[in-house]
Amino acid sequence: MRKILVLIALVMITFSACTTKPIMVACVGDSITEGAKHKWQSKTAYPKVLGDLLGEDYGVVNCGRSGTTALKQSNFTYWKCNEFSNVFAVHPDIITIKLGTNDSKPGNWNAERFEKDYQSLIDTFMTIQPQPQIYLCLPVPVFEHSKFKIDGQVVSNEVLPIIKRLAEDNKLPLIDLYTPMLGKGDLVPDGVHPEAEGAAIIADIIAKHIK
């Protein structure tokens with residue numbers, strides 16, 4: 001009889017494990033999140049590597065879109081792209097937000113509107129039920145050899161302090177992707193987009209925060 005009960009218990013545990021919903025993670029961001037400039041984007045973009053690091057208990061969805069901003073008024077706002085809608089479709093338990101790089105472009109940047117719109121993005125994601133845990137990510141550095149119009153000084157001197165303040169005001173965890181990438185310009189060939197090794201560093205940092 002005891003053997004039968006043990007067998008039943010094992011079957012129930014196995015069934016429960018097979019039907020347990022994975023912890024869903026939605027990675028919100030721009031081209032660095034999407035994996036632009038990666039030869040094997042589907043394998044080396046940091047959300048894919050993050051999923052591998054977190055393991056089978058997690059499901060990680062890449063909701064990054066190249067060129068997007070947290071600013072609602074810009075050359076390409078995240079608010080109007082399909083990936084924004086995808087975040088809600090995923091019903092995430094965790095959301096990581098890594099925006100601010102494209103916001104720094106001269107034609108986009110406005111510190112007051114950036115803080116207001118980023119706060120609005122947080123508030124909007126907080127309407128998801130059950131309410132997800134949101135992590136704010138500091139953007140990676142912009143290196144001098146960048147060929148883009150992205151302003152590295154604006155990122156370091158204005159974007160970073162605003163995101164830090166928003167994390168503190170909203171009592172949200174902050175993930176620093178900026179400091180660990182300083183001095184690693186060799187991993188960012190075009191000055192903006194970390195290649196595979198750089199993306200792996202980003203994934204590892206985020207995974208340690210989530211776990």
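Key figures
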{"read-out": "Only listed residue being farther than 23 Å from VAL155 by Cα, surrounded by fewer than 16 Cβ atoms within 10 Å (Cβ to Cβ) and touching a residue at least 24 places away in the same chain (Cβ under 8 Å), chosen from GLN133, GLN129", "value": "GLN133"}
{"read-out": "Residue list for region 88-117, filter: crowded, with 23+ Cβ neighbours inside 10 Å and either in contact with a helix residue (DSSP H, G or I) (Cβ under 7 Å, 6 or more places away or on another chain) or not in a loop (DSSP other than H, G, I, E, B) (or both)", "value": "ILE95, THR96, ILE97, LYS98, LEU99, GLY100, THR101, ASN102, ASP103, SER104, PHE114"}
{"read-out": "Options ASP151, ASP186, ASP190; residue that is without any contact (Cβ under 8 Å) to a residue 24 or more places away in the chain and closer than 20 Å to ALA36 by Cβ", "value": "ASP186"}
{"read-out": "Enumeration of residues in region 186-208 that are surrounded by fewer than 16 Cβ atoms within 10 Å (Cβ to Cβ) and in a helix (DSSP H, G or I)", "value": "ASP186, GLU197, ASP204, LYS208"}
{"read-out": "Close pairs from region 70-86: first on the phi < 0 side of the Ramachandran plot, partner surrounded by fewer than 21 Cβ atoms within 10 Å (Cβ to Cβ) and aromatic (Phe, Trp, Tyr), Cβ under 6 Å, at least 6 apart", "value": "LYS72/TRP79; TYR78/PHE84"}
{"read-out": "Among residues of region 14-70, those that are of a type in the set (Val, Ile, Thr) and either modelled with pLDDT under 95 or farther than 25 Å from TYR178 by Cβ (or both), counted", "value": "5"}
{"read-out": "Pick from region 136-164, criterion among the small types (Gly, Ala, Ser) and either on the phi > 0 side of the Ramachandran plot or in a helix (DSSP H, G or I) (or both), ranking: surrounded by the most Cβ atoms within 10 Å (Cβ to Cβ)", "value": "GLY152"}
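The values are calculated or read from the model by the stated rules, or taken from the named source; none is laboratory data. Remember, it's a predicted structure, so these values are computed and weren't measured experimentally. Backbone-built Cβ (ideal geometry, glycine too); neighbour counts: all protein chains shown.
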